[in-house]
1. Could you check the range 328-355 and list, in sequence order, the residues that are within 21 Å of Cys214 (Cβ to Cβ) and either surrounded by fewer than 17 Cβ atoms within 10 Å (Cβ to Cβ) or at pLDDT below 90 (or both)?
2. Please work out which residue is modelled with the lowest pLDDT, limiting yourself to the range 234-285 and to residues that are within 30 Å of Ile116 (Cβ to Cβ), of a type in the set (S, T, N, Q) and touching a strand residue (DSSP E or B) at 6+ places or on another chain (Cβ under 8 Å).
3. For Asn134, only one of the following conditions fails: (1) closer than 30 Å to Asn43 by Cα; (2) of a type in the set (S, T, N, Q); (3) touching a Phe, Trp or Tyr at 6+ places or on another chain (Cβ under 8 Å). What is its number?
4. Please enumerate the residues belonging to the range 382-440 that are over 30 Å from Lys351 (Cβ atoms), among the acidic types (Asp, Glu) and assigned to a helix (DSSP H, G or I).
5. Is there a residue being basic (Lys, Arg) and surrounded by 18 or more Cβ atoms within 10 Å (Cβ to Cβ) anywhere in the range 198-218?
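The values are calculated or read from the model by the stated rules, or taken from the named source; none is laboratory data. Here the structure is a predicted model, which is why all the values come from computation and not from measurement. We place every Cβ from the backbone using ideal geometry, glycine too, and count neighbours over all the protein chains shown.
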Amino acid sequence: MSKTFIDEFDVKENSKSLKDIPDYEAFSNKELLDELRNKIIQNLIDNNTNNELGLTSYVRKQIDKTLEGYDLSVIERSYINNLISNEINGYGPITELLDDPSITEIMVNGINDIYIELDGKIIKDDSVSFINNNHIIRTIQRLIQPIGRTIDTANPMVDARLSDGSRLNAIIEPLSINGPVLTIRKFKKELANIEDFLRNGTMTPYMARFIEACVKSKMNIIVCGGTGSGKTTLLNVMSSFIDNDERIITIEDAAELKLEQEHVISLETRRANYEGTGEVTIRDLVINSLRMRPDRIVVGEVRGKEAFDMLQAMNTGHEGSMTTLHANSPKDALNRLETMVLMAGMEIPIKAIREYIENAIDIVINISRLVDGKRKVTSICEVVGFDNDEIKLNEIFTFNQTGVTKDGEVIGEFNLNKITPKIYETIKSRGITNLTDIFE
């Protein structure tokens, strides 16, 4: 897609943020204001020619020309000026959404169909709209252009990490039947820590201490959960418990983990180029990481053939490895691991695969996003052997939901099951003795 006049313009307007304009969402004639905005933007795009005026003067002239004859207040004119400023200097209609730290995800399904995730809940944002499908595509192009990516009919799908760490996924026609779809999972500048989890009720202090003990004693851990449940955030918090003198290698499709230790090597996959060559997968990076003398291997997400290599690393002396995968429960997580090992094309009997998993994995942690939008660690299990050829799990901690209030808030309680985990002796043998009040 060729650049338009509006793409070339890069002069900052002397204007306030939309949030600073009082009651901008409550204008009685908001439809007219949005219509005027659309007309101004379209005029700027259509007049993609050289002009004798400076760019700033030309844009202002177009705004004044379009607004001529309309009886608009100063606040309404300021509203339109800010919309145009966002279009020229920012990322169009979603500029304010990207700048809002309380919004964690932005989903553009159509020109008037924009959703956001706020406090764990997905809501429709009727204050935002695009002009047409080309407007959405131009916004996507502007987002991914700085990182050297493009999207067009020849390459109608893009998955990328933006410069601030946010994750962007976009898909357009002909793959998306109803037009362009844009999803942005925003990267939080202030990373969560274990205190945030305790304060938000994601887990109890007992659970936090147990997880810390497992990480410090080099247990191999899987974090499972659904989309948007907080798996990566929990993995990042767990990684903070790793000692500073260990060599840590992180492997991800798009680098989201931000470890604070000094000795960290971050590896990221690479997609195939236009000729279909040059692809580097997570499996390639896992295999290569074994030659890099890691003390810990942290894989952002296991979703395919790399599962076998990850288990192999865990079984050959690389203790304390951690990863995440999509699953609704610890049992489902182990079943998915079996499937992924089979995907690797290894002709291994199911029983042997299960023995491999049982030897490799020590702890499975499940985190969920509940109906009220809050995240909870709903289960912490240890792998303890076999029961009729099935891998057996002992649940140590669990969250039991008992109901929902009239306001939609989940009611429930965390429980510590009355068992002493088998790994407790291993934890104690490694010099960690602060769990006696929990299990003794």
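1. Asp332
2. So the residue we want is Thr269.
3. Going through the list (1) closer than 30 Å to Asn43 by Cα; (2) of a type in the set (S, T, N, Q); (3) touching a Phe, Trp or Tyr at 6+ places or on another chain (Cβ under 8 Å), Asn134 breaks only (3).
4. Listed by number, the list holds a single entry, Asp437.
5. yes
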